[in-house]
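Novice: Mind looking over this structure? Questions follow.
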Amino acid sequence: MSTDQFERQYRDAQDRCERLRNQIDEINNARPGQSVASAKYLMKATFATLQTDMMNFDQLVEIYKNEPHKYPGLNKKEMARRVNLINDIKDLVQNQLTQEYRAVENNQAALSAAQEKAKYDRGEDGEFDQTRDLDNR
């Protein structure tokens, strides 16, 4: 990450946070029976990319702290400002977005398991839902 790319990469990470939040909302607001497979796929990809961004930001913070001579054009005040921005976005991702992401993953897994179980549950009449009202042939 070079100095002139920090602002762009930080803005991209913010955009990914917003995109992930929108994808989570889309999945949570889906109508019953509506397929959310493509939204989940995109959500997983966005989350993985966001995790990569956070690792890159961690490396940059380490460089700012331990090897500031690699960025001679940046003064200490600008480095501190960037470290604070990075810490803010990391806090958002690690504390809020990760919890929301995991909640959606767990909810979808539980919903899928419940639907699978319901396929094999017999009704009060002893029939499966998919075979009820079919003629015996």
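Coordinate-derived values only; no laboratory data. Everything numeric here is computed off the predicted structure, so don't read it as measured data. Cβ coordinates were reconstructed from backbone atoms using ideal geometry, including for glycine residues, and neighbour counts include every protein chain displayed.
Novice: Whole-Hz ³J(HN,Hα) for each residue in segment 32-38, computed from phi via Karplus 6.51 cos²θ - 1.76 cosθ + 1.60 with θ = phi - 60°, x for glycine and proline: what do you get?
Specialist: x, x, 6, 6, 10, 4, 5
Novice: Sort the following peptides by mean Cβ neighbour count (other Cβ atoms within 10 Å, averaged over residues), highest first: 39-47, 69-77.
Specialist: Put in order of decreasing packing, that is 39-47, 69-77.
Novice: Let me ask something additional. Need the full-extension length gain, residue 102 to residue 69, defined as separation in residues times 0.36 nm minus the C-alpha distance. One decimal, nm.
Specialist: Full extension from residue 102 to residue 69 adds 7.9 nm.
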